[in-house]
1. Sort Leu105, Leu150, Leu92 so that the residue with the fewest other Cβ atoms within 10 Å of its own Cβ comes first and the one with the most comes last.
2. How many nm is it between the label spots at Lys42 and Lys30, if each spot is 7 Å from the Cα in line with the beta carbon?
3. Going by how many other beta carbons lie within 10 Å of each one, how would you line up Trp116, Trp137, fewest first?
4. Run the helix sum for the chain: -39,500 (n - 2.57) per DSSP H stretch of 4+ residues, divided by residue count, reported at 222 nm to the nearest 500 deg cm²/dmol.
5. Treat the count of other C-beta atoms within 10 Å as a stand-in for reagent exposure and order Met122, Met107 from fewest to most.
6. Using Cα-Cα distances under 8 Å and only pairs 6 or more residues apart, what relative contact order does the chain have, in percent?
7. List the residues whose amide H sits under 5 Å from the amide H of Ala2, counting only those 5 or more places along or on another chain, with H placed 1.01 Å from N in the peptide plane.
8. For labels at Thr71 and Lys151 in the simple 7 Å Cα→Cβ model, what's the distance in nm?
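Every number here is computed from the coordinates shown, using simple stated rules; none is lab data. Values in this document were obtained by computation on a predicted structure and should not be read as measured data. Quick reminder, even Gly has a Cβ in these numbers, built from the backbone with ideal geometry, and neighbours come from all protein chains shown.
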Amino acid sequence: MAELTALESKIGEVLGLAMAAQGATEQVGKLVEKEGEHDDLKQALGQMHEEAKEAEKRTTSLAEDLDGKKTAILEKARETKQEATEMMSTYLGDDADALDGFEFLTMAEAGEVGHWTVVRTMNERANLPGLQELVDWQIPIQQRHLEQTLKGSVELAADEDPNEPA
């Protein structure tokens, strides 16, 4: 397998995070559905899921254009997806509720904003063809996702009885 540069490895990581985000939005969607109401949150999760699918598609397409690196980048992506999925599994135990789910997504989206920002910074020197356009498309989406998940966390927290035993 081809050896990846630091930037190519980061591309694999953001690809893996996009893959993991699809599963995370589905799982959190089920938690929201269990509690009923909150159609706005279900709609936001659906949009986030579709945008994660598109991010996976576009990032995979970029990896295909990197001669001989696609397989190694996809392997890095699978590793990152597995790690993120394990973190979600740990965080969202059997007793998780919608608020737990949105709190997890808030952390995950902050991580995605950070990763894409690192990719942007590294690419300032590397200047990989097509990557700047992908970054310019992805960072605002990830920032919006972070805002949406934080807003959802606050909305769900407002519904909680703060004096109820945990």
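1. Numbers: Leu105 27, Leu150 16, Leu92 19.
Ordered from fewest to most neighbouring Cβ atoms within 10 Å, Leu105, Leu150, Leu92 come out as Leu150, Leu92, Leu105.
2. 1.6
3. Values: Trp116 25, Trp137 14.
Going from sparsest to densest Cβ surroundings: Trp137, Trp116.
4. Details: 5 runs with 136 residues, N = 166.
Dividing the helical sum by the residues of the chain leaves -29500 deg cm²/dmol.
5. On the way: Met122 19, Met107 14.
Starting with the residue having the fewest Cβ neighbours, the order is Met107, Met122.
6. On the way: 169 pairs, mean separation 51.3, N = 166.
Taking the mean separation of contacting Cα pairs over the length of the chain, I get 31 percent.
7. Residues meeting the criterion, in which the H sits 1.01 Å from N, are Ala72.
8. Result: 4.5 nm between the two label points.
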